[in-house]
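A short reminder: the numbers here are calculations on the coordinates, not readings from a lab. Owing to the predicted nature of the structure, the values given are computational and were not obtained by experimental measurement. In this analysis, Cβ positions are derived from the backbone assuming ideal geometry, glycine residues included, and neighbour counts consider all displayed protein chains.
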Amino acid sequence: MVAPFVVRIPQSIYEEMVARVIEGHPNEACGALGSVGGQVVKHYPTANAAQHPDDFSIIAEADLVRIFNDIDTYDGEMIYYHSHPHSEAYPSPRDREWAKHSGYLYLIFSHRHYPEPPYARVFSIDRNAEVMEGRIEMV
């Protein structure tokens, strides 16, 4: 089966995200990526501003404004990433609820095999909360 979409991530940016996820454990870590045509061009690490970071992640509004303003300078798109410290790298019901309103891709890391390194998967979630998995390519 061919993936419906591909996100290409430079190895160095992927390693930065993995480091953030490891650093954030046992809480959820989060951040954003800027992409152009499916190619990740910039990493925006952020703090997890959720009230309960052990089971949810959210980027603070001020950080989102800063990220969106920067992404607008190169006419890119945002990809949201976060980690699931104890479960599979798959959108939870809460992830699906939030994502169906945003329209951007979700890259989710699983760190359930800690201390083994986390692994990532990428998803598109439509307005009906239907999940479609894409493919990650390292470049």
Just want the ordering: R96, R135, from fewest to most Cβ atoms lying within 10 Å of their own Cβ. R135, R96
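Could you grab the relative contact order for the range 6-139? Cα pairs under 8 Å, six or more apart, rounded to a whole percent. Write out the running numbers ahead of the final one.
Numbers: 279 pairs, mean separation 34.4, N = 134.
The normalised contact order for the range 6-139 reaches 26 percent.
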In whole µm²/s, the translational diffusion coefficient that Stokes-Einstein assigns to the chain, given a Kirkwood hydrodynamic radius over C-alpha pairs, 10 °C and 1.306 mPa s, equals 107
I13 label point, 7 Å along Cα→Cβ, cut-off 17 Å on backbone N: hits in the range 84-108? 104-108
When a/c is below 1.5 the answer is rounded, else prolate if a/b is larger than b/c, else oblate, so apply that to the range 93-139 with a ≥ b ≥ c taken from the square roots of the Cα gyration tensor eigenvalues. oblate
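How big is the antiparallel share of DSSP beta bridges in the chain, given as a percent to the nearest 5? Don't jump to the answer; show the numbers that get you there.
Numbers: 21 of 32 bridges.
Rounded to the nearest five, the antiparallel share is 65 percent.
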Distance between modelled label sites at F5 and Y114, nm, 7 Å Cα→Cβ extension: 3.0
Relative contact order (percent, whole number), the range 7-69, Cα cutoff 8 Å, 6+ residue spacing: 28
Count charges around F5 for me, please; just the other residues with Cβ under 10 Å from its Cβ, Lys/Arg as +1, Asp/Glu as -1. 0
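Please figure out what share of the DSSP beta bridges in the range 77-139 is antiparallel and state it in percent, rounded to the nearest 5.
Antiparallel bridges: around 55 percent, rounded to the nearest 5.
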Using the Karplus equation 6.51 cos²θ - 1.76 cosθ + 1.60 (θ = phi - 60°), what ³J(HN,Hα) coupling, rounded to whole Hz, does each residue of the range 129-134 give in order, writing x for Gly and Pro? 6, 6, 9, 10, 8, x
As a test of the formula, what do you get for the chain when each DSSP H run with n ≥ 4 contributes -39,500 (n - 2.57) and the sum is divided by the residue count, at 222 nm and rounded to the nearest 500 deg cm²/dmol? -8500 deg cm²/dmol
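Report the local net charge at S35: Lys and Arg +1, Asp and Glu -1, summed over other residues whose C-beta lies under 9 Å from its C-beta.
Working: positive: R8, K42; negative: E77.
Within the 9 Å Cβ shell, the charges total +1.
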